[in-house]
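Working notes, beginning with the structure itself.
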Amino acid sequence: MDSDSSGSSNGSADYEERVHNVILRAAELVRRRITDQPAPIIHRRVSVDRDRIEAHARLMRNYFADEPRYNARLFRKRFRMTKNLFERIVGDLEPRYPYFQTRYDHAGRRGFIGVQKCTSAICQLAYCVNSDFLDEYL
């Protein structure tokens, strides 16, 4: 009986040693794969210069200047409302909703101005299109 019990405990030790060796080999393979692989490439967003400031200046020159490029009739045709109504909507949205307020990104660049955001939103509603079609001033 003694030999049977020592044999089973010896078999258990062999099994544990084999498992231990398999784990060590697996860990070595993983370590080699990690060291053989190049460093991961960090993909950052490509910054697209949308020239927000010039787009805002162009929007203001075309529609909101003292002598705009496009008259009230063309404004109404484009925005499907009068200029006064549009200005009232912008004036009501900017103080009430943070989205329509001008913000700065982490790099300190100024975002779109409230009138630009309203222009996009109103044109999207008026023409039933998404923002990709309205990048003239945005």
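Listing for the model above:
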| read-out | value |
| --- | --- |
| For the stretch 73-87, 3J(HN,Hα) per residue [Karplus equation, 6.51 cos²θ - 1.76 cosθ + 1.60, θ = phi - 60°, Hz, x = Gly/Pro] | 5, 5, 4, 4, 5, 6, 9, 6, 6, 6, 4, 4, 5, 4, 5 |
| Modelled FRET efficiency - R0 25 Å, Asn62 with Ala107, Cβ distances, 0.05 increments | 0.30 |
| ³J(HN,Hα) computed for each position of the stretch 18-24 - Karplus, 6.51 cos²θ - 1.76 cosθ + 1.60, integer Hz, glycine/proline x | 5, 4, 4, 5, 5, 5, 4 |
| Crossing angle, helix 114-127 versus the chain [Cα axis fit, 0-90 degrees, rounded to tens] | 90 degrees |
| Exposure proxy order (Cβ contacts within 10 Å, fewest to most) of Leu85, Leu24 | Leu24, Leu85 |
| Order of Thr102, Thr82 - criterion: other Cβ atoms within 10 Å of each residue's Cβ, fewest first | Thr82, Thr102 |
| Ranked His106, His56, His20, criterion: other C-beta atoms within 10 Å, fewest first | His106, His20, His56 |
| Added length on full extension, which subtracts the Cα-Cα distance from 0.36 nm per residue, Leu24 to Lys83 | 13.7 nm |
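Read-outs: derived from the displayed coordinates by stated rules, not from any lab. A quick note: this is a predicted structure, and the numbers were derived from the prediction, not measured. Note that each Cβ is placed from the backbone with ideal geometry, even for glycine, and that neighbours are counted across all protein chains shown.
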